[in-house]
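Here the structure comes first, spelled out in structure tokens, and everything after it is commentary.
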Amino acid sequence: MLKDEIIFGTASVGSRTSYQDFSKTALHATSKGIRVFDTSPIYGRGIAFNYINRFMKENPQIKIQIITKVGRTVKIDLKTLFKLKAPQVLKSK
């Protein structure tokens, strides 16, 4: 059960964020009371998971809750990623 109203999203982690920037931002967020992190295996091709894992190992005193998606994997041709139309997106699983 989530008790926090603000969730730290990691959708752009890895593809747009270095670990150093992620760690600095996550430390700031947790210092302000944010304890729920949302991630997915497809975020940054798995880099978001790795960043959160490393952050937790480096900061064992900080307790966070992780919410995630399961069953989703990256199977998209990156050349066509941004050419998807609405019906294709709706059919994706």
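At Thr68 and Ser15, where each label point lies 7 Å from the Cα along Cα→Cβ, what is the point-to-point distance in nanometres? Simple spin-label model gives 1.9 nm for this pair. Using a probe radius of 1.4 angstrom, the carbon and sulfur fraction of the accessible surface of the stretch 1-62 is 53%. Residues whose amide H comes within less than 5 Å of that of Gly9, counting only those at least five positions distant or on another chain, are Asp38 (H built at 1.01 Å from N in the peptide plane).
The values are calculated or read from the model by the stated rules, or taken from the named source; none is laboratory data. This one's a predicted model, so the numbers in the text were calculated from it and none came from an experiment. When we count neighbours, we look across all protein chains shown, and the Cβ atoms used for this are built from the backbone with ideal geometry, even at glycine. To get the accessible areas, we keep the full protein, side chains included, count just its heavy atoms, and leave off ligands, DNA and RNA. Shrake-Rupley method; radii C 1.70, N 1.55, O 1.52, S 1.80 Å.
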